[in-house]
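J.: Let me give you the structure first, and then I'll get to my questions.
The values are calculated or read from the model by the stated rules, or taken from the named source; none is laboratory data. What you see is a predicted model, and the numbers here were worked out from it, not measured in a lab. Cβ sites come from the backbone with ideal geometry, for glycine too, and all protein chains shown count toward neighbours. Side chains are part of the model used for accessible areas, which takes the heavy atoms of the whole protein and leaves out ligands, DNA and RNA. Shrake-Rupley method; radii C 1.70, N 1.55, O 1.52, S 1.80 Å.
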Amino acid sequence: QVQLVESGGGSVQPGGSLRLSCAASRSIFSIFTMGWYRQAPGKQRELVATITRGSTTNYADSVKGRFTISRDNAKNTVYLQMNSLKPEDTAVYHCNAHFGNADYWGQGTQVTVSS
């Protein structure tokens, strides 16, 4: 079992920045592909970004050039740096750990972008 705890969400004005963190409970964090997903009210959960254990990254088109995913295997932590935030980025952001047939999810952290 892997427990994931997100932090760093909050409220910000359009154009602002936030940095999300996701800490994993297990030291084998390094073998997982880690990802950030988000779910806005009334919408399905969608992929934001993923990073493999080899640090290959993938982004949703809507966040390319604005968001950056990174990982620190020594700290069992994955980050999402979000810049130039837009109101449409408002959602609950969830951390995901994937390996083989296993998927683990965090509880989520709220990000609200509003003037």
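J.: Kindly report, to the nearest 10 Å², the accessible surface of S7 as traced by a 1.4 Å probe over protein heavy atoms only.
T.: Counting only protein heavy atoms, the figure is 60 Å².
J.: Need one number: nm distance between label points at D103 and R66, each 7 Å from Cα along Cα→Cβ, rounded to one decimal.
T.: Modelled inter-label distance: 2.5 nm.
J.: Given springs between every Cα pair under 10 Å in a Gaussian network model of the chain, which of A60, A24, A97 has the largest fluctuation?
T.: Largest GNM mean-square fluctuation: A60.
J.: Stretch S55-S7 to full length: gain in nm at 0.36 nm per residue minus the Cα-Cα span?
T.: The S55-S7 span can extend by a further 15.2 nm.
J.: Run through the stretch 45-76 and list the trypsin sites (Lys or Arg not before Pro) located in a DSSP loop whose Cβ has at most 14 other Cβ atoms within 10 Å.
T.: The qualifying sites are R53, K64.
J.: In addition: Leaving out ligands, DNA and RNA, what percent of the accessible area of the chain is carbon and sulfur, probe 1.4 Å?
T.: On the chain, the fraction of accessible area on carbon and sulfur atoms equals 44 percent.
J.: Additional query: What figure in square angstrom, to the nearest 10, would you give for the accessible area of V78 with a 1.4 Å probe?
T.: 0
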